[in-house]
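The values are calculated or read from the model by the stated rules, or taken from the named source; none is laboratory data. This structure is a prediction, so every number in the text was calculated from the model and none was measured. Glycine gets a Cβ as well: all are built from the backbone with ideal geometry, and neighbour counts include every protein chain shown. Calculation scope for accessible area: heavy atoms of the full protein, side chains included, ligands and nucleic acids excluded. Shrake-Rupley method; radii C 1.70, N 1.55, O 1.52, S 1.80 Å.
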Amino acid sequence: MDVYFPLSKRSRTSASGEKFEQKKPSIEVLPDECLFEIFRWLRGGRERSSCACVSKRWLILVSNICKYEIRDNNIIHALNPKDESTNKKGGIVSEVEHNDVDSDGYFTRNLEGKKATDGGLAAIAVGTASRGGLGKLFIRGSNSWNRVTTVGLRAISRGCPSLRVLSLWNLSSIGDEVTDKSLLAIAKGSPKLNDLTIESCANVGNEGLLALACCCPNLKSVSIKNCPLVGDQGVASLLSSASYSLTKLKLQALNITDEMFSVIGHYGKSVTDLSLTSLPNVSDKGFWIMGNSQGLQKLKSFTIASCLSLTDRGLEAVGKGCVNLKQFYIFKCDLLSDKGLVSFAKVAGSLESLQLEDCHRITQIGLFCSLLNCSAKLKVISLVNCLGVMDLTTGLPPLSPCESLQSLSIRNCPGFSDSSLAVMGKLCPQLQHVELRGLHGITDAGFLQLLKSCNAGLVKVNLKDCVNLSDKGVCRLTNLHRWTLETLNLDGCKISDASLFAIAENCRLLGDLDVSRCAITDSGIAALAHSDLINVQILSVSGCSMVSDKSLPSLRNLGKTLLGLNLQQCKAISRSAIDLLVQQLWRCNIRF
């Protein structure tokens, strides 16, 4: 057998008389093509991982070997049948050591900030390939540090054919950023991809989406945000290729037009969740076409945000076209008025939840008429920061109750006060969840009218920052709804110990109580602790300046059931008292 012995290191003399040493031969002198061919003959994932640890060069080479390029173990055994067939003790070596585990995509990897590099992606591709495969990959770049390029994503595409979920965020700030070539590589190597999120990738355009459409026909969820090069052609290709599998679609801050909305209306046959946000090139005509295309028959959840061109006509068309719509959220659509809202409520026969935010042309008349004309399935209605909602004493139609509504939320609508609340009570006698936040016009008089109308019994009540509500309203609440009340938030209300006395006496089912920034004292806490009825699990007294160390025994007694306690900004409670409480209530999460 021929044996090769490397030359020993010896001194040589140059023409000028200087001595130098001859270097030993090294595998590093081989070109990448030769190393690549050598790495293809490695028997298993353990060997490939070991080679990848030698240098960055070897890592990149090993990561670019596709599964089908690895030499078959049968060929290796045929060339050297005695090699490692048994261990040193004569036992049989497990096949798991030589053969890769089936790649079903068990692993999830998250690269963020400085860790988001090509080297990191290559290491993931090599490390997970033989151990079950990569199933989910989330890459989050940063404006100051971005080292993910097409090289890293190509390594993922070659080594992770089991990839199902891919999220790319903010990968467009420095150097050879993520481009259409990157998506092309992912598309070719990830046929199982079904969940795609691309956000703030400025160099990704239509070509990359076309490649995904051709190679990934099983996409179920697509979210594209703030990618200025993405237009109608790219999104349309995704929709048309995945027409029968795509169920969730989110488009935000893209340069798409009315034509794209026509495609959504035609090819969105399986879409159940749709979100359209900040699309400046789409007019009201686009919404009208999308609604009248009658293709969104399975749509259940729809969000329209910051689409300033949407008018009453477009909203009515959407209601007619989405016959199975259950949840509808509208944010910052300035042209919508009462007329459009009422028309939508009439035709949306399956609607269960309606949320309006920053829609300033919506008034009380639109709100009340929508409740009168809504479907019998409507359970939730929410108004947030709608400045057009103001108390009206005239112009209201005859009222008939909406028996299906169970949840009412009015937040930061300064014109909503007692008279509106009294009307809502008559309209919605089956309310169980009530949220009235930041409503300075609500007083005890209006709140009492609502309490008298709620026949089903209130379960959750949030009155945060209703600064004109006092003990009178809270005591009446605890008396009328003592058998159903489970959650009560009085943060910022004008209440005292009298409310805590009423709670301790009446509320048997109350588990979550928030009395932050209220004028309660140690006496109120003691009343809660001495009650045989109350079993509070979450208690917040944050910002209660009159609660002091004297409440320590009471809090310790409440600790029998407490799981969470908020003592932040309680300046009269000393640090030593808090430390002692932390030791004694070891199973309670205490914030201080």
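Label separation (S245 vs L387): 4.8 nm, computed from points 7 Å beyond Cα along the C-beta direction.
Of the residues W41, I520, G446, the one whose Cα sits farthest towards the positive end of the charge dipole of the chain is W41 (charges of +1 on Lys and Arg Cβ, -1 on Asp and Glu Cβ, taken about the Cα centre).
Starting from the residue with the highest accessible area, list F331, F501 in decreasing order, probe 1.4 Å.
F501, F331
Legend: residue pairs K56/K181; K320/K426; K188/K300; K285/K339; K300/K379, Cα-Cα distance threshold 25 Å; pairs beyond threshold, K320/K426; K188/K300.
Computed with a 1.4 Å probe over protein heavy atoms only, the accessible area of C51 comes to about 30 Å². For R48, the solvent-accessible surface computed with a 1.4 Å probe is close to 20 Å², ligands and nucleic acids excluded.
The label point for N535 and the one for H360, both projected 7 Å from the Cα toward the Cβ, are 4.9 nm apart. The modelled label-to-label distance between L580 and C34, using points 7 Å beyond Cα along the C-beta direction, is 7.9 nm.
Evaluated with a Cβ-only charge set (Lys, Arg +1; Asp, Glu -1), region 257-389 carries a dipole of roughly 440 debye about its Cα centre, given to the nearest 20. Across the options F302, N203, A345, the greatest Cα extent toward the positive end of the charge dipole of the chain (unit charges at beta carbon of Lys, Arg, Asp, Glu) belongs to N203.
Net charge dipole, the chain: roughly 1100 debye, given to the nearest 20, about the Cα centre with Cβ charges of +1 for Lys and Arg and -1 for Asp and Glu. For region 317-378, the solvent-accessible area of protein heavy atoms averages 36 Å² per residue (probe radius 1.4 Å; ligands and nucleic acids excluded).
Taking all protein chains together and a probe of 1.4 Å, list H530, H481, H266 from the most accessible to the least accessible.
So, going from the largest accessible area down, we get H530, H266, H481.
DSSP beta bridges confined to the chain are antiparallel in about 5 percent of cases.
Would you mind pulling out the separation of the Cα centroids of region 505-579 and region 293-315, in Å? Region 505-579 and region 293-315 have Cα centres separated by 47 Å. Per residue, the Cα convex hull of region 418-563 amounts to 84 Å³. Phi angles across region 333-344 convert, under the Karplus curve 6.51 cos²θ - 1.76 cosθ + 1.60 with θ = phi - 60°, into 3J(HN,Hα) values of 10, 6, 8, 6, 10, 4, 4, x, 5, 5, 5, 5 Hz, Gly and Pro given as x. Per-residue extension of 0.36 nm, minus the Cα-Cα distance of E47 and S142, leaves a gain of 30.8 nm for this segment. For semi-axes √(5λ) of the Cα gyration tensor in Å, several values are listed as (1) 61, 36, 21; (2) 40, 33, 24; (3) 43, 26, 21; flag the one computed from this structure. Read-out from the structure maps to (1).
Across the accessible surface of the chain, with the other protein chains kept in place and a 1.4 Å probe, carbon and sulfur atoms take up 52 percent.
In this structure region 243-288 gives 40 Å² per residue of accessible area when probed at 1.4 Å with all protein chains present. Using a probe of 1.4 Å on the protein chains alone, the accessible area found for K560 is around 150 Å².
Think of the chain as having a plus end and a minus end, set by charges on the Cβ of Lys, Arg, Asp and Glu; of T311, L184, S275, L184 sits farthest toward the positive end of this dipole. When the helices of the chain are scored as -39500 (n - 2.57) per DSSP H run of n ≥ 4 and the total is divided over every residue, the value at 222 nm lands at -9500 deg cm²/dmol.
Three semi-axes describe the equivalent ellipsoid of region 181-221; taken as square roots of 5 times the Cα gyration tensor eigenvalues and ordered largest first, they are 16, 12, 8 Å.
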